[in-house]
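Asker: Right, I'll just put the structure down here and ask away after.
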Amino acid sequence: HDALTGWVAHVGDSRAYRLRGGKLELLTQDHTWVNEQVVAGFLSEEQARVHPLKNVVTRALGGDAEVEVDVREWKVAPGDLYLLCSDGLTTMLNDHEILDRLRAPGRLEETCGRLVLDANRRGGFDNVSVVLLRLEHDTDDDETAIDPAGV
């Protein structure tokens, strides 16, 4: 069977992650001033999380008539779990904490709810949106099935 292709088109500071083989990978790059400083080596990840300018977006929809969009493509695999989330989640929970919750047993709807609840318990200073998508292999007809959930 042919491998499926995943795509993400991204602008701003919401994020897309993939959990594969127990490893959480960030598929997007934040379009923020602080992230640009991290990439350039002027700030550490820890400094960026508490920097007063952490919410200054350098690319966003609606500001300019034209905006540069990052597009990424990859081969998806059965068992992949994809997370799309707003910065309301990632400012309250770090990647390790997100990974712990994604690894916990339970239905995707429960995991989405747990992520939102935990972000709100930490302060919930911004809106928190979470979408999870799992690709499962259907052994009956050798197809890949998609299992979505969101809050």
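Asker: Per DSSP H run of at least 4 residues, take -39500 (n - 2.57); add these up for the chain, divide by its residues and hand me the 222 nm value, nearest 500 deg cm²/dmol. Spell out each step's value before the answer.
Answerer: Values: 5 runs with 41 residues, N = 151.
So the helix-based figure for the chain works out to -7500 deg cm²/dmol.
Asker: To continue, here is another question. Dipole of the chain, Cα-centred, from +1 at each Lys and Arg C-beta and -1 at each Asp and Glu C-beta, to the nearest 20 debye?
Answerer: In debye, rounded to 20, the chain gives about 680.
Asker: At what distance in angstrom do the alpha carbon centres of the range 72-139 and the range 33-71 lie from each other?
Answerer: Computed from Cα coordinates, the inter-centre distance equals 21 Å.
Asker: Still on this structure: Considering only 65, 85, 123, whose Cα is most displaced toward the positive end of the charge dipole of the chain, charges sitting on Cβ of Lys, Arg (+1) and Asp, Glu (-1)?
Answerer: So the residue furthest toward the plus end is 123.
Asker: Give me the percent of accessible area attributable to carbon and sulfur for the chain, probe 1.4 angstrom.
Answerer: Carbon plus sulfur share of accessible area: 51 percent.
Asker: Additional query: Quick one: among 128, 38, 116, which has the greatest mean-square fluctuation in a GNM of the chain with alpha-carbon springs under 10 angstrom?
Answerer: In the Gaussian network model the winner is 38.
Asker: Could you identify which residue out of 122, 107, 72 has the top mean-square fluctuation in a GNM of the chain using Cα springs shorter than 10 Å?
Answerer: Maximum fluctuation in the GNM of the chain, among the listed residues, is at 107.
Asker: May I ask for the angle, rounded to the nearest 10°, between helix 108-121 and the longest principal axis of the chain, with both axes built from Cα atoms and the value confined to 0 to 90°?
Answerer: So the helix axis and the longest Cα principal axis differ by about 20 degrees.
Asker: Starting at the first residue of the range 28-43, write each ³J(HN,Hα) from the Karplus equation 6.51 cos²θ - 1.76 cosθ + 1.60 with θ = phi - 60°, in whole Hz, x for Gly and Pro.
Answerer: Whole-Hz 3J(HN,Hα) from phi for the range 28-43: 10, 10, 4, 9, 10, 4, 5, 5, 4, 6, 5, 4, 6, x, 8, 10.
Asker: Next question, about the same structure. Could you pull out which residues in the range 1-25 have an amide N less than 14 Å from a spot 7 Å beyond the Cα of residue 73, following the Cα-Cβ vector?
Answerer: Inside the label zone: 3-9.
Asker: I'd like the accessible area for residue 59, computed on protein heavy atoms only with a 1.4 Å probe and all protein chains in place. Round to 10 Å², please.
Answerer: We get 50 Å² for residue 59.
Asker: Per residue, what accessible area does the range 1-112 have, given a 1.4 Å probe and all protein chains present, in Å²?
Answerer: Averaged over the residues of the range 1-112, the accessible area is 58 Å².
Asker: In addition: Quote the charge dipole size of the range 1-71 about the Cα centre in Debye, to the nearest 20; the model charges only the Cβ of Lys and Arg (+1) and of Asp and Glu (-1).
Answerer: Working: 7 positive and 11 negative charges, 70 e Å.
The calculation lands at about 340 debye.
Asker: In whole percent, what relative contact order does the range 1-137 give with Cα contacts below 8 Å and a gap of six or more residues?
Answerer: Once divided by the residue count of the range 1-137, the mean separation gives 29 percent.
The values are calculated or read from the model by the stated rules, or taken from the named source; none is laboratory data. Note that this is a predicted model, so its numbers are computed, not measured. Neighbour counts run over all protein chains shown; Cβ positions are idealised from the backbone, glycine included. Quick note on the areas: whole protein, heavy atoms, side chains included, nothing else; ligands and nucleic acids left out. Shrake-Rupley method; radii C 1.70, N 1.55, O 1.52, S 1.80 Å.
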